[in-house]
Amino acid sequence: MVLVPVTGCSVSTTLQRNTKEYGKKFLFDGCPDTCWNSDQGDSQYVAVRFGETVHVRRIRIQFQGGFAAKACQVKAGGEVLDTVYPTDSNTIQEFEVNVSGPELQLIFSGFTDFYGRLIVYLMEFHDT
C-alpha cells in the first residue's frame, strides 16, 4: 500500500476545544497513544487536503471502541462518491473505495456513543 500524504486537515469539532490534547493533528501523527476526539453532535466530519489530485483506493481508520461511527460518506467536490460502514471496534478497519480529488471529506453519522462523539487514533489514505 502506498500512503497518500495529507497536507492539510479540518474537523467538525474537538472535545471542549482542547486541541492540545485531542486535536486533528493526532489523526496523522502515527502515534498509537494520541487521538482526535470530537465534541458531541449529530454528525462529524474530517476534511483532508492532499496538495494535488490523488486517487484513493483504500481508507484505514482506527476508532476507540464505544466511540465509533456506523456510517461514513466519502465526498469529493461536494459529491458523495462512496459510503462505508465501520464497526464498533478498536481494530484498524480498512475500506476499499474508488475516489479521486485534491480534497476529500469524510462525514460520519450513526454514532455508537450516545452523545455523538468520535475518538479516532489513526486515519490513512492509500492509492493501492
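Table for the structure above
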{"quantity": "Debye-sum result for segment 54-107 in log10 I(q)/I(0), which assumes one identical scatterer on each alpha carbon, at q = 0.12, 0.21 Å⁻¹", "calculated": "-0.26, -0.74"}
{"quantity": "Rounded FRET efficiency, nearest 0.05, which uses the C-beta distance separating Ala71 from Thr19 and R0 of 30 Å", "calculated": "0.70"}
{"quantity": "Whole-percent pair-distance distribution, where bins are 10 Å wide, for the alpha carbons of segment 31-128", "calculated": "16, 51, 30, 3"}
{"quantity": "Linear extension gain, Cys31 paired with Arg60, 0.36 nm per residue minus alpha-carbon span", "calculated": "9.0 nm"}
{"quantity": "Along each principal axis, Cα extent of segment 83-128, largest first, Å", "calculated": "33, 20, 17"}
{"quantity": "Separation in nanometres of the label points that stand 7 Å from Cα toward Cβ, at Leu3 and Glu94", "calculated": "1.5"}
{"quantity": "Which of Asp42, Asp29 is most accessible, then next, and so on - probe 1.4 Å", "calculated": "Asp42, Asp29"}
{"quantity": "Total charge dipole magnitude, the chain, about the Cα centre, Cβ charges on Lys, Arg, Asp, Glu only, Debye to nearest 20", "calculated": "200"}
{"quantity": "Accessible-area value, Lys25, 1.4 Å probe, nucleic acids and ligands omitted, Å²", "calculated": "120"}
{"quantity": "Value of relative contact order over the chain, rounded to a whole percent, pairs C-alpha under 8 Å and six or more apart", "calculated": "36"}
{"quantity": "Distance in nm between pseudo-label sites at Thr83 and Thr128 (7 Å out along the Cβ direction from Cα)", "calculated": "3.2"}
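The values are calculated or read from the model by the stated rules, or taken from the named source; none is laboratory data. Note that this is a predicted model, so its numbers are computed, not measured. Don't worry about glycine lacking a Cβ; one is built from the backbone with ideal geometry, like all the others, and counts go over all protein chains shown. These area figures cover heavy atoms from the full protein model, side chains too; ligands, DNA and RNA do not enter into them. Shrake-Rupley method; radii C 1.70, N 1.55, O 1.52, S 1.80 Å.
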